[in-house]
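The values are calculated or read from the model by the stated rules, or taken from the named source; none is laboratory data. These numbers were taken from a predicted model, which means no experiment stands behind them. As a convention, Cβ positions derive from the backbone with ideal geometry for all residues, glycine included, and neighbour counts pool all protein chains shown.
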């Protein structure tokens, strides 16, 4: 292939990649291209949480997601060794007698994104790979800004819907009792309108920022956090049975109670439901939102399971009839 053909191919690839409108879709396309290169055995993408130079180390989430706790990623040791030294960009590495190419996006995205390519490629393909990575890194930064809430930095409603689809798809295709369930959780700050009315919208925005930061500190990196809109937030809890899910939600519920917000003490109402693989993805949000609605209309400052709503209504109706 001559220089003219390389330029033509580069432009064609650029057009294809720029046509993708979400991080998920773009990353699938880029991984597919990398795997097509001669000499490449595999290509896998990851999201990196934490500081590679701190004592707490790194938390690594594979893309596409796997929620199987028994899964051991073969690139984990390589990443723990290579990422603290990486300054971003494209790096060729030999680790345990195997050749790898590390593609590291360190700027303008959160969390950090990397791709690990197993194998070695020709000089000409390396030039193309570096060009594709440059396009990919820029597009990821643009999409990351698009897919996040501008105020809190959390992924937004559209990203939540994509992530929920992936979680449902994962559970739909998994077999075995070792896979623990996921939970759709909807959170709403109680009496938030009074914060805006009494203190102004700047204070309201500060409350939302503090609330989002409290979510990041309280929930785990394996949980997916989103701002749905207004004072409503969403969490997808993964790999937990009901009892542990309740423990996690109660911990956050108490953390909100104890926190000194700029406008004073606040509480949160929480509704949740199990992610059932046979249920349409967005119906999970509707169920959790109904549980939240019940909590808001029966005293607020509480956690309500969608599965318990009917029994609660029956008890409430019996109380009315008796008294």
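Some notes on this structure:
- Number of the exception - residue 267 against (1) in contact (Cβ under 8 Å) with a residue 60 or more places away in the chain; (2) within 19 Å of residue 306 (Cβ to Cβ): (2)
- Flag if residue 143 is in a helix (DSSP H, G or I) and at pLDDT below 90: no
- Verdict on residue 274 being within 28 Å of residue 174 (Cβ to Cβ) and either surrounded by fewer than 15 Cβ atoms within 10 Å (Cβ to Cβ) or at pLDDT 95 or above (or both): yes
This table checks each residue for (1) part of a loop (DSSP other than H, G, I, E, B); (2) farther than 17 Å from residue 184 by Cβ.
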{"residue": "212", "(1), (2)": "no, yes"}
{"residue": "222", "(1), (2)": "yes, no"}
{"residue": "225", "(1), (2)": "no, no"}
{"residue": "244", "(1), (2)": "no, no"}
{"residue": "253", "(1), (2)": "no, no"}
{"residue": "266", "(1), (2)": "yes, yes"}
{"residue": "273", "(1), (2)": "no, no"}
{"residue": "288", "(1), (2)": "no, no"}
{"residue": "293", "(1), (2)": "no, no"}
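- Test: residue in the stretch 123-140 that is assigned by TED's automatic domain parsing to the domain that holds residue 27, within 17 Å of the chain's Cα centre (by Cα) and either closer than 22 Å to residue 34 by Cα or not in a loop (DSSP other than H, G, I, E, B) (or both): yes
- Residues in the stretch 79-96 that are exposed (fewer than 13 other Cβ atoms within 10 Å of the Cβ) and closer than 22 Å to residue 123 by Cβ: 2 in all.
- Of all the criteria given as (1) touching a strand residue (DSSP E or B) at 6+ places or on another chain (Cβ under 8 Å); (2) free of Cβ contacts under 8 Å to residues at least 12 places away in the same chain, the one not satisfied by residue 140 is (2).
- For the residues 65, 115, the requirement of being in a strand (DSSP E or B) and either over 22 Å from the mean Cα position of the chain (by Cα) or surrounded by 15 or more Cβ atoms within 10 Å (Cβ to Cβ) (or both) singles out 115.
- Per the listing 162, 214, 194, 209, the residue uniquely assigned by TED's automatic domain parsing to the domain that holds residue 251, surrounded by fewer than 19 Cβ atoms within 10 Å (Cβ to Cβ) and without any contact (Cβ under 8 Å) to a residue 12 or more places away in the chain is 194.
- Enumeration of residues in the stretch 275-284 that are under 21 Å from residue 249 (Cβ atoms) and part of a loop (DSSP other than H, G, I, E, B): 275, 276, 279
- Within the stretch 227-242, tally of residues that are over 19 Å from residue 61 (Cβ atoms) and part of a loop (DSSP other than H, G, I, E, B): 3
- Of all residues making up the stretch 172-191, the number that are surrounded by 19 or more Cβ atoms within 10 Å (Cβ to Cβ) and outside any loop (DSSP other than H, G, I, E, B): 7
- Residue 108 being crowded, with 19+ Cβ neighbours inside 10 Å, without any contact (Cβ under 8 Å) to a residue 60 or more places away in the chain and assigned by TED's automatic domain parsing to the domain that holds residue 47: no
- Number of the exception - residue 151 against (1) touching a strand residue (DSSP E or B) at 6+ places or on another chain (Cβ under 6 Å); (2) closer than 30 Å to residue 288 by Cα; (3) outside the structural domain of residue 245 (by TED's automatic domain parsing): (1)
A quick yes/no check of all residues on (1) over 25 Å from residue 310 (Cα atoms); (2) out of contact with any strand residue (DSSP E or B) (no Cβ under 8 Å at 6 or more places or on another chain):
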residue: 163; (1), (2): yes, no
residue: 174; (1), (2): yes, yes
residue: 194; (1), (2): yes, yes
residue: 200; (1), (2): yes, yes
residue: 210; (1), (2): yes, no
residue: 216; (1), (2): yes, no
residue: 244; (1), (2): no, yes
residue: 254; (1), (2): yes, yes
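- Residue in the stretch 11-19 that is touching a strand residue (DSSP E or B) at 6+ places or on another chain (Cβ under 6 Å) and either surrounded by fewer than 13 Cβ atoms within 10 Å (Cβ to Cβ) or at pLDDT 80 or above (or both) present: no
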